[in-house]
Each structure stands twice: as structure tokens, then as C-alpha cells.
1. For the chain, take the longest principal axis of its alpha carbons; what is the angle in degrees between that and the long axis of helix 115-130, to the nearest 10 within 0 to 90?
2. Between residue 80 and residue 37, 0.36 nm times their residue separation minus their Cα-Cα distance comes to what?
3. D for the chain, whole µm²/s, Stokes-Einstein with Kirkwood Rh over alpha-carbon pairs at 20 °C and 1.002 mPa s: what number?
4. How big is the Rg/Rh ratio for region 3-100, C-alpha atoms only, Rh by Kirkwood, two decimals?
5. Could you check the simple spin-label distance between residue 178 and residue 96, using points 7 Å along Cα→Cβ, in nm with one decimal?
6. Taking Cα atoms, how many degrees apart are the long axis of helix 75-100 and the longest axis of the chain, rounded to 10 and kept between 0 and 90?
7. Relative contact order for the chain: what percent, with Cα pairs under 8 Å and sequence separation of 6 or more?
8. Using Cβ counts within 10 Å as a stand-in for footprinting exposure, how do 72, 134 rank, fewest first?
């Protein structure tokens, strides 16, 4: 089967699924998952767990964004675009997490601070955040303190990405006002 045959069949199944044919849509998702698995495995060689996670994320994104597909365009181009965006998100998240684990030099001033000071600072931050509603506290904690991406935080909290960004902005604004009031 040539690539154009695969493209035509997947497109036919996808469009039938959009029209309400559940069997065709299920078959499309099955074929798309095999296609994505091969596409991502070539790019994430040595990370098989991430490939499977990314395939599932791509399928979910395709389902949620199916209304954005333009029927006059190749379906595989749309599928690959979604996969590339998800791949970039994964690589950014991995890069952030790995940066958090970079070794620090012993000469840094960080090591001069006592454990008590760090504990006091953590308690103060926790106290400030506890005064915020969940829609502000959780995005600040996940994105600003734990280093997660806005997309990861949105998935974890069930909020939209824009709601996460707004929550961070408003929460930091409230915290700044509280800190000015204490000074």
C-alpha cells in the first residue's frame, strides 16, 4: 500500500467519523495510533515509554481539535503537526526537569544558607499561597515553583491553558499587593 493510499484511507475514515460513523472513527484512531507510534518512535529512539504517552496525548488532541481539520488539506500533515507540537511540549518539559537536576558547585552562596532559613522561606511561601483560592494557588505552585509547563498544569488541574495563565497573573498580583501591605 502506497503512502497516498494510506492517506486516502485514513482521510476517508476520519471524515466518515466526523459525519457520525463510530466504527469508521474507531478504525481511524487505531490506524492513526499505529502511524503516530512509528512517526514518534523514529524521533524518540530510546524513549519507548514517552512514545506511548505521546501517542495517547496526540490522539486526545486530535479528537479535541478535530473541528480544526480542513478537509481540503492532507490529513497526515494535520496529524504530524499535532504530533510535532506534542513532541516539542515533551522535550521542553524534559529540558526543564533536567535543568532542575543540574549539579551546583559547592562554592555557590546557596550552600552558605542554613537549612533553617530555607525551611523558613518554604513555610512563608506556603503560608502566602494557602491564602489564595485553588484557581490561583495551584497554577502558581505547579508552574512557578515546580517548573511544570502551562499545558501540563492545565491537564493536571482540569483548567484551560488560558485559565492557568490568568490564575498565575492574578495570584501573583494578589501576593504582590499583600507583600506591599506588610512592608
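1. With both axes taken from Cα atoms, the answer is about 60 degrees.
2. 14.3 nm
3. Stokes-Einstein gives a translational diffusion coefficient of 108 µm²/s.
4. Across region 3-100, the Cα-based Rg/Rh ratio is 1.01.
5. 2.2
6. Helix 75-100 sits roughly 20 degrees off the main axis of the chain.
7. 13
8. Sorted ascending by nearby Cβ count, the order is 72, 134.
Laboratory data are not the source of any read-out in this text; all were calculated from the coordinates shown. Keep in mind the model is a prediction, meaning the values are calculated, not measured. Reconstructed Cβ throughout: ideal geometry from the backbone, glycine too, with neighbour counts over all protein chains shown.
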